[in-house]
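Only one structure is covered here, and it is reproduced in the block below.
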Amino acid sequence: MKTETKIVSVGRHPEKHFGAVNPPVFRASTITRQTLAEWSDVRTRIFDDVVYGRFGTPTSMAFEEAVAALEGADRAVAVSSGKAACAAAILSVVKGGDHMLVTDSVYQPVRKFANDFLAPFGVETTYYDPTIGANIADLIRDNTSLIWLEAPGSQTMEMQDIPSITAIARERGIKTGIDNTWATPLLFKPLDFGVDLSVNAATKYLVGHSDAMLGVVSMRAELFESVKIAANNTGNCPGSEEVYLGLRGLRTMGLRLKQHEQNALKAARWLEGRPEVNRVLYPALPDDPGHAIWKRDFKGSSGLFSTVLEPASETQLAAFIDGLRHFGLGASWGGFESLVLPFDPTSYRTATKWEAAGPCLRFHIGLENIDDLIGDMEAGFHRMQAVA
Ligand SMILES: *Cc1c(COP(=O)(O)O)cnc(C)c1O
């Protein structure tokens, strides 16, 4: 089956639901059985049958089946948010006394999880240069149990040499996990590159409409139970409406991503030509330092990239952002709409030194007409010049 066909058909099973095209929203906590024998039997298969709302419903199982199929994984585990998916994946591997290697470009709330939550339980984290490649070997200790990747990195957008890192991890019996949110299961398939656990913040492109929180972890069959147990032990399960919205959203994700990519490429190229812009950080651009790796491993690019501006004052930055008509100022991304967000890597980086000419802005390029978006940014730069 080709990708477009797969997206439309995976995880639906109309024959189980009176022919309805979409699986219904199952709202369930209690699931009753008729006899003691049935009850006893089903208690031995709590993660593979419908037994209790927290373990899964036919709606969450349909979503998991669809995501696993798109990722090229055997199984997937749906949870309450993208951060919860990162936490479940990590907790399925690390235990007290372990050491974990985490990319310095990691999504910041995962850094908080490692530093504020895991450290007091005796898990030590070392952050590494995202471009380290095979030199990751030098950082591995006897008690290293997990290497965490993210490509491109949050905000700073570095690509990682994923197969080099996973090859070393495999040799040493170390598990690897990746945050695949930027690429989605359509543009990068981590398991094909040796990654053990692939996480998606479904809140972003899978849901795709900025109206639900949802996360999912994909894996080979033998790792399913450890992730499911980690999620269950922390009471971590998706809401019934949310998981339905994820299932509904992913049907159009292929189409949406093509438009996000086309618009983002135009916006990024236009920004590259602006005198106010020092650098555009987007691996789909030929002169991005991560371009060769991106081209080798990824099938396309999504709508999120960053820019480093030339030196500009806070007033100038506000002049640019405050008057924008089509770019919302807010966290998260992956919905149909455009967003802008200032960020400062010097405030959180520990393994690498961030040196940039001026302030940084992250853009999510939505599905609006690209000429409107470019016109909006151009007016922003004019406001910026006016207050210089
Ligand atoms: C947003 C995001 C998350 C977290 O997702 P939530 O659903 O907001 O918890 C994780 N990783 C990346 C890369 C993200 O951008």
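The values are calculated or read from the model by the stated rules, or taken from the named source; none is laboratory data. None of these values were measured; they are calculated from a predicted model. We place every Cβ from the backbone using ideal geometry, glycine too, and count neighbours over all the protein chains shown. Remember, those area values only see protein heavy atoms, side chains included, never the ligands or the DNA or RNA. Shrake-Rupley method; radii C 1.70, N 1.55, O 1.52, S 1.80 Å.
Take the Cβ atoms of Ala119 and Glu355, set R0 to 30 Å, and the FRET efficiency comes out at 0.60. Listed values for the range 243-255 are Karplus-derived 3J(HN,Hα) couplings in whole Hz (6.51 cos²θ - 1.76 cosθ + 1.60, θ = phi - 60°), namely 5, 5, 5, x, 5, 5, x, 5, 4, 10, 4, x, 4, and x replaces Gly and Pro.
Subtracting the Cα-Cα distance of Thr44 and Arg172 from their residue separation scaled by 0.36 nm leaves 42.7 nm.
Quick check: at a probe of 1.4 Å, how many percent of the accessible area of the chain sits on carbon and sulfur atoms?
On the way: 8620 of 16410 Å².
The value for the chain is 53 percent carbon and sulfur by accessible area.
Sequentially through the range 14-22, phi angles give Karplus couplings (6.51, -1.76, 1.60; θ = phi - 60°) of x, 4, 7, 10, 6, x, 4, 4, 9 Hz, Gly and Pro residues having no value and appearing as x.
For Phe343 and Trp270, the FRET efficiency from 1/(1 + (r/R0)^6), where r spans their Cβ atoms and R0 equals 30 Å, is about 0.90. Compute the Cα gyration tensor for the range 44-140, then decide on rounded, prolate or oblate, letting a ≥ b ≥ c be the square roots of its eigenvalues: rounded whenever a/c is under 1.5, prolate when a/b is larger than b/c in the other cases, and oblate in all that remain. The shape class here is prolate.
Excluding ligands, DNA and RNA, the accessible surface per residue across the chain is 42 Å² with a 1.4 Å probe. Among Ala319, Ala69, Ala221, the largest mean-square fluctuation in a Gaussian network model of the chain (Cα springs under 10 Å) belongs to Ala221.
In this label model, Ala134 and Ala20 are separated by 5.4 nm, measuring between points 7 Å along each Cα→Cβ vector. For the chain, find the longest principal axis of its Cα atoms and tell me its angle to the long axis of helix 370-386, 0 to 90°, nearest 10. The helix 370-386 is inclined about 50 degrees to the chain. Applying both filters, DSSP loop and at most 14 other Cβ atoms within 10 Å, to the trypsin sites (Lys or Arg not before Pro) of the range 239-338 gives Lys299, Arg325. A simple spin-label model places pseudo-atoms 7 Å from Cα toward Cβ; at Ala386 and Ser29 they are separated by 5.6 nm. Taking amide H as placed 1.01 Å from N in the peptide plane, the amide H of Leu149 sits under 5 Å from that of Gly177, Ile178, Asp179, each at least 5 places away or on another chain. Report note on the peptides 355-362, 185-192: ranked by the mean count of other C-beta atoms within 10 Å, highest first, their order is 185-192, 355-362.
Suppose each label sits 7 Å from its Cα in the direction of the beta carbon; what would the Glu310-Asn233 distance come out to in nanometres? The modelled label-to-label distance comes out at 5.5 nm.
If we sort 367-376, 164-173 on the protection proxy, mean other Cβ atoms within 10 Å, highest first, what's the order?
Details: 367-376: 15.2, 164-173: 16.8.
Averaged packing, sorted descending, gives the order 164-173, 367-376.
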